[in-house]
Amino acid sequence: MVCLRAAVCLVGLVAAVSAKPAVRGRALQQYYTYGSQGDDWTFGECESTIRQSPIDLRSEDVDVPPVGTKFEVVLNYRYANCSEVIISNSGHGVQYDCAELALLPGEEEVGGDGINGTDIAGEMIKQRSPLTAGFGGSYTNETFYRVLQFHFHAPAEHRVDGNQPALELHIVHQASDGSLMVLGIFYDVGREPDAFLQRLIDAGFPPANETMTYTDPLGLSLADEVARFLPTELPGLPLLAYHYKGSLTTPPCSEVVDWYVVRGTLTATRAQLDAFDDVLITEGEGNFRDVVNDQNVQDLYFTTVTTLF
């Protein structure tokens, strides 16, 4: 469910603020379903044949970037601290928002005259310093983004050479012009539990069409989760990711997303994946849009993702 904030995807958002998780408020309305995996979505840009998502990431389709093309993706999650997490269940997906978002360049300035001054957000990302608000941010192809929210799909929306992993995490970043960058992470079953997923499971999921808010820190660390891809003996090693230009994977399917799907798969226990299936799969239907390669004519590349840990 790649969308903007909960208020965009979920109408009538009501958050309960408490030292412990609480659920209250009227039902949140949904305006689309996954009954046919998105095949019947005929509004917005969902029928476009230019840059729709998700797609099957086929090895045979990966191109060599044109000479002079540079993809720079720098993630800055390490010291982000979200003390109030809003968890929303739309009935077909669970989304996590931070009540306080990280700043974007120009939103706060330190010194200077307001024109040539140094803005704290831009420098913190670009100069490899930590962001301390929200879930963090990134610097991608000379554009600054902040993490807007993250959510999951079961089973995964993207596929790799036809294979569909059990779960996909979407970390949604937004720039000041409204454009989006989404980092996708796959999960499949393994022997060891995933600590990040377990924190979310322990926090609990609100009932369908309701919302709850945690004011006690959940100890969520996107940085630690991304770091699981990296061998501990090689700190600072960049990740390899599939990159293409695409869209939101829910209506209105706006074609405003730069996708970066990390190559490789994290593992979680069967019990952990079942816990997400219980909330994401309803009436036998997963919350994923089927792949639409025939609706995307964009190039597919490999690129590196630098992590600031």
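Net charge of the neighbourhood of Asn163, taken over other residues with C-beta under 10 Å away and scored Lys/Arg +1, Asp/Glu -1, is -2.
Other residues whose C-beta falls under 12 angstrom from the C-beta of Ala195 contribute a net charge of -3, scoring Lys and Arg +1 and Asp and Glu -1. Based on the Cβ-Cβ distance from Ser36 to Ala227, what FRET efficiency comes out when R0 is 51 Å, to the nearest 0.05? So, using R0 = 51 Å, E works out to roughly 0.85.
Where a number appears in this text, it was derived from the coordinates with a stated rule and is not lab data. Everything numeric here is computed off the predicted structure, so don't read it as measured data. Glycine gets a Cβ as well: all are built from the backbone with ideal geometry, and neighbour counts include every protein chain shown.
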